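To keep things clear, I will list the structure first and then write my remarks on it.
The values are calculated or read from the model by the stated rules, or taken from the named source; none is laboratory data. What you see is a predicted model; the values in this text were computed from it and never measured. Don't worry about glycine lacking a Cβ; one is built from the backbone with ideal geometry, like all the others, and counts go over all protein chains shown.
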There are 2 protein chains.
Amino acid sequence: MPAVSLHGLEGLPLVQPGDDLPALLCDALDRAGLRLTDGDVLVVAQKIVSKAEGRRRPLAEVVPSPRALELAEVVRKDPRLVEVVLSESRDVIRAVPNVLIVEHRLGFVMANAGVDQSNVEGDEAAALLLPEDPDASCRRLRAALERRYGARLAVVMNDSFGRPWRNGVTGVCIGASGLPALLDRRGAPDLFGRALRITEIAVGDEVAAAASMVMGQAGEGIPAVLVRGLRIEGPDRPASALIRSRQHDLFR
Amino acid sequence: MPAVSLHGLEGLPLVQPGDDLPALLCDALDRAGLRLTDGDVLVVAQKIVSKAEGRRRPLAEVVPSPRALELAEVVRKDPRLVEVVLSESRDVIRAVPNVLIVEHRLGFVMANAGVDQSNVEGDEAAALLLPEDPDASCRRLRAALERRYGARLAVVMNDSFGRPWRNGVTGVCIGASGLPALLDRRGAPDLFGRALRITEIAVGDEVAAAASMVMGQAGEGIPAVLVRGLRIEGPDRPASALIRSRQHDLFR
C-alpha cells in the first residue's frame, strides 16, 4: 500500500494575536514546496491557534480569588495562574503538590486546563489558554485552506496530555474538522468474520500523536504537520466526540 | 525537513506458533520493496508476536476458579476467559458489566489483561495472551533484523488500549527496543530559553499510535508498519519505562 507521510512545517514566524493563521500556514507550505490536495490532513499545535486567537492573559492583570489562593497553596503554583485555570474549568479532579488536574469547561480532563506558561513571548509572565472552541477553530481553518487549495481537507488541533497509569505525555486531539475523530467500527468483522472486540477507534488522537512525534523531533520549532496518504472512511466527527461522558467514566 | 514515512506491511500469512517472525517480516518487506536501514523503526502488532510465541490458550482447557466465576458474573464474560485474565493479572482495578480493567502482571493497566478473543484462528474458542515479556520480544526481533540488514534499528510492539476520560482506543507501546520509549526532556529550554513545562514524552506511545493509525486503515490486515525518517535523540528505554509506579499514580 502507498506510504503515509508526515511533513513537519518549520519556519513559521512567532504567531501574534490577530495573525492570519491560514495565510501563515500556506506560506510555510509554499516554502516547503507542499500544495494541499484531496485527503490531506493538517495538524496544528494548539499553541499557535491560541496565540492567533488572542488567548494570552498577562498574569499581572489577574486577581486570584480566595479559592485560587487556597488551591495554589496545595498545588504550589502561582495563585494567578491557578485563578486562570479555575476560570477555564468546571471541576477540579485532583489537586496535589505540583499537579492540578481539572475538567476543562469543554469537557477535557487535563492538567492545568491546558493553560500554558512556556513559549509565550514577551518578558512579562502570561498564561496561554486553549482556544474558545477548538472544533470551531478547526472548521474555520479548514474552510480557509479548502478555499485556498480547492481541495477536500481535514484539520486537527493537537495538544500534549499526561495520562493516568502511564509516564510521559502524548499528543491528543482537542479539535477536528473533516475526519472522524472517533471512528465507530461496531459490527465490522475481523479477519475471521467475528465481530471485532474493539468498536471505537480514537482516530483523532492517533493522528494527533503521530503529528506530535514529528513536532517533538526539533525541540519546539514545528507547530504544524501535514499528514498525507491517510485513507480514513467514516463520517466527520469533531474532537468533542472523544470526550467520555461522566456517567460512562469509571475514573472520577 | 525530510518527511517521516509510514509503510504498512500487508500480505503477512496468518502467524502460527513457532513461526519465524523475523523471516515473515523480512519477506513482507522484500515484497514491498523495502530494505531496512539505519534509524528505521519497525512497529509490530502484539497479536502476531503473541501468536508466534504460542501464547494461545484453548478455553476448553481452562477451569475457572471460584473467584473467576464470581467476577465473570459481575462483568458478564465467559468465566474461562476471566480465569485467563486473572492468571495474567496482579490486581483488579475496575469490574462492572462488560468492563474488566486490571493491572497486568507486567504493570500495564488495561482491559482484560490484553487477552483477546478476536482474530484467533481455528473454530474452538481460544484466548490470546500478551507475550511473556514484550520488551524482550522486541530485543530479540530487533537483534534478528539488525543481523539480517546490517543496520541500527528499533522495534516497537503496539496494542490498543482504552483510556479514562476519552472515548475510543489508541495504539500504545507495550514493548520497545532501540529507542527511548520514554524521552526525558527535563531541563531542555523552550523557544524562549525557559525550562519546558513538559518534561517527559511518551515517544513509544506516539510511535505506536502513528502505526495504529496506519494499521487501522485496512481493517485488520496490516500487522506491521515501518516508520522511516524519525530522528529521536535519547538513550534506549524499554516500554516498561512507560508504566507509572503505583505511588505516583493518582487514579487507582
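Of note:
- Selected residue (only one of B:L36, B:L24 is crowded, with 21+ Cβ neighbours inside 10 Å, among the aliphatic types (A, V, I, L, M), in the same structural domain as B:A208 (by TED's automatic domain parsing) and closer than 22 Å to B:S212 by Cα): B:L36
- Scanning region A:120-169 for residues being of a type in the set (K, R) and outside the structural domain of A:A241 (by TED's automatic domain parsing) gives a total of 0.
- Unique residue being over 13 Å from the mean Cα position of the chain (by Cα), more than 9 Å from chain B (Cβ to nearest Cβ) and without any contact (Cβ under 8 Å) to a residue 40 or more places away in the chain when the list is A:R237, A:R246: A:R246
- Among the residues of region B:155-177, the one identified as touching a residue at least 60 places away in the same chain (Cβ under 8 Å) and in a loop (DSSP other than H, G, I, E, B) is B:P164.
- Only one of A:N167, A:N119, A:N98 that is within 30 Å of B:V102 (Cα to Cα), of a type outside the set (A, V, I, L, M, F, W, C) and at pLDDT below 95: A:N98
- If you check A:A113, A:A28 for being of a type in the set (G, A, S) and on the phi < 0 side of the Ramachandran plot, only one passes: A:A28.
- Members of region B:152-183 found to be more than 17 Å from B:A211 (Cβ to Cβ) and out of contact with any helix residue (DSSP H, G or I) (no Cβ under 8 Å at 6 or more places or on another chain), listed by number: B:G162, B:R163, B:P164, B:W165
- When A:I232, A:I222 are screened for being modelled with pLDDT under 95, under 19 Å from A:L145 (Cβ atoms), in contact with a Gly (Cβ under 7 Å, 6 or more places away or on another chain) and not polar (S, T, N, Q), only A:I222 passes.
- Candidates in region A:195-214 are the residues that are more than 7 Å from chain B (Cβ to nearest Cβ) and surrounded by fewer than 24 Cβ atoms within 10 Å (Cβ to Cβ); of these, the one that is modelled with the highest pLDDT is A:T199.
- Selection status of A:G54, away from chain B (no Cβ under 14 Å) and at positive phi: yes
- Candidates B:E70, B:E132 - the one that is over 27 Å from B:V41 (Cβ atoms) and not β-branched (V, I, T): B:E70
- Within this structure, B:S137 passes the test of being out of contact with any Phe, Trp or Tyr (no Cβ under 7 Å at 6 or more places or on another chain), at pLDDT 95 or above and more than 12 Å from every other protein chain (Cβ to nearest Cβ).
- Residues (of a type in the set (D, E) and more than 15 Å from A:A60 (Cα to Cα)) located in region A:76-90: A:E88
- Residue match in region B:28-41 (condition: part of a strand (DSSP E or B) and of a type in the set (A, V, I, L, M, F, W, C)): yes
- Criterion applied to A:R76, A:R147, A:R163 was being more than 19 Å from the chain's Cα centre (by Cα) and either polar (S, T, N, Q) or closer than 30 Å to A:R231 by Cβ (or both), and the one residue passing it is A:R147.
- Test: residue in region B:4-21 that is assigned to a helix (DSSP H, G or I) and either farther than 23 Å from B:G221 by Cβ or in the same structural domain as B:G162 (by TED's automatic domain parsing) (or both): yes
- Here A:V41 passes the criteria (1) surrounded by fewer than 17 Cβ atoms within 10 Å (Cβ to Cβ); (2) within 20 Å of the chain's Cα centre (by Cα) except the one numbered (1).
- When the criteria are applied in full, B:Q46 fails the requirement of being of a type in the set (S, T, N, Q) and more than 13 Å from chain A (Cβ to nearest Cβ).
- One residue from A:V63, A:V82 being touching a residue at least 12 places away in the same chain (Cβ under 8 Å) and surrounded by fewer than 13 Cβ atoms within 10 Å (Cβ to Cβ): A:V63
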